[in-house]
Amino acid sequence: LTTTATAVALTLSAGAAFAACDPGETVIKFSHVTSATSPKGLAADLLAARVNDEMDGKVCMEVYPNTTLYDDDKVLEAMLNGDVQMAAPSLSKFEKYTKKLRIFDLPFMFKNMDAIDAFQNSETGQAMKQSMMRRGLLGLEFWHNGLKQFSADKPLVLPEDAKGLKFRVQPSDVLVAQMEALDASPQPMAFSEVYGALQTGVVDGQENTWSNIYTQKFFEVQDGITETNHGVIDYMVVTSVEWWEGLDPEIRDQLATILHEVTVQRNTESTNVNEQAKQAIIDAGTTVRELTPEQRQAWVDAMKPVWAQFEGDVGADAIAAAQEIND
Ligand code: LMR
């Protein structure tokens, strides 16, 4: 695989980071929904660049960003059918396969990204990667994006401001319950549809990370963004158990090593990527509202009761472990 071949393939494939795969190479299709410049897009492209360089002749990785291949509703099924080999859906998107990951959707569960990183690397977190094996999926790594912010077509300062508004949420029972706790109307919807829904007023607001709000241009069709940091969007890099176990052991080990190195490298950068996106949103003239400690506490008081509804799914022990890391 030469640089020229890559350049030609890039031009032909209209944005997908294609490598020209040679006959005999094991092809890995990596499908995702965010922009190539998002934390996930950057990590996927670095992974592909390293695999295509270091495993040339053996393995070839093609990255399909921006929902060019599958949206998150379809990608896990496609993986079980062997149509795609890797993906990194947000932790909110695994509900059909495990309820353990619901802990990441519970509002105000983690105080910052360091706490999330520590929890994912704890015994409880690491065990989650194997929690879907029975269903044919294996978690390989956790990838970071960042903390979520709220926005709407009117200012959001106190939880009452969200009352009666329609908010796009990821398809997740926890996030539906979170919005109901605010007396808002949750609208589960695929990521690729959010901009249009905000623009046309099908929904009034949304929650996402700075980098997703920036790269999807949500900020352009909202009144402003409120810095709530009320939850997290992170990912699990997943593969099919059957496909992974069918790989030659040496190839599997080399892939796992590269993936782990890319994970460590990009996870340390995700906060910077989000900070830059936040700054770009401010520079574009969009209002970013910071909350006073009292205002923030009002959001906590309104949303935290949701924990009790899902304690049975995620386990009181996992919640306790997360809270211990916060302290
Ligand atoms: C969303 O649907 O809002 C996110 O899961 C998108 C993503 O992958 O970051």
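What follows is calculated from the coordinates using simple rules that are stated; it is not laboratory data. Values in this document were obtained by computation on a predicted structure and should not be read as measured data. Ideal geometry is used to build each Cβ from the backbone, glycine not excepted, and the neighbour counts take in all protein chains shown.
Can you tell me which residue within segment 33-64, out of those that are assigned to a loop (DSSP other than H, G, I, E, B) and within 10 Å of the ligand (Cβ to nearest atom), is nearest to ASN274 (Cα to Cα)? Step by step, filter segment 33-64, then rank; the result is SER38.
Scanning segment 84-111 for residues that are touching a residue at least 40 places away in the same chain (Cβ under 8 Å) and among the polar types (S, T, N, Q), we see that the one that is surrounded by the fewest Cβ atoms within 10 Å (Cβ to Cβ) is GLN85. Residues of segment 182-236 that are part of a strand (DSSP E or B), more than 12 Å from the ligand (Cβ to nearest atom) and either touching a residue at least 60 places away in the same chain (Cβ under 8 Å) or under 15 Å from the mean Cα position of the chain (by Cα) (or both): GLY224, ILE225, THR226, GLU227.
It is to be established whether one or more residues within segment 244-257 are within 15 Å of the ligand (Cβ to nearest atom) and either of a type outside the set (D, E, K, R) or free of Cβ contacts under 8 Å to residues at least 12 places away in the same chain (or both).
First, the residues of segment 244-257 that are within 15 Å of the ligand (Cβ to nearest atom): none.
No.
One line per residue, one yes/no per condition, for (1) touching a Cys at 6+ places or on another chain (Cβ under 8 Å); (2) hydrophobic (A, V, I, L, M, F, W, C); (3) surrounded by 15 or more Cβ atoms within 10 Å (Cβ to Cβ):
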residue: TYR214; (1), (2), (3): no, no, yes
residue: VAL221; (1), (2), (3): no, yes, yes
residue: ILE225; (1), (2), (3): no, yes, yes
residue: THR228; (1), (2), (3): no, no, yes
residue: ASP234; (1), (2), (3): no, no, yes
residue: VAL241; (1), (2), (3): no, yes, yes
residue: ILE251; (1), (2), (3): no, yes, no
residue: ALA256; (1), (2), (3): no, yes, no
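Could you list all residues from segment 53-68 that are in contact with a helix residue (DSSP H, G or I) (Cβ under 8 Å, 6 or more places away or on another chain) and without any contact (Cβ under 8 Å) to a residue 60 or more places away in the chain? Hits for segment 53-68 are CYS60, MET61, GLU62, VAL63, PRO65. Note on segment 92-146: among residues that are touching a strand residue (DSSP E or B) at 6+ places or on another chain (Cβ under 8 Å) and of a type in the set (Gly, Ala, Ser), the one that is farthest from the ligand (Cβ to nearest atom) is GLY136. The single condition among (1) within 17 Å of the chain's Cα centre (by Cα); (2) surrounded by 21 or more Cβ atoms within 10 Å (Cβ to Cβ); (3) of a type in the set (A, V, I, L, M, F, W, C); (4) within 16 Å of the ligand (Cβ to nearest atom) that ALA152 does not meet is (1).
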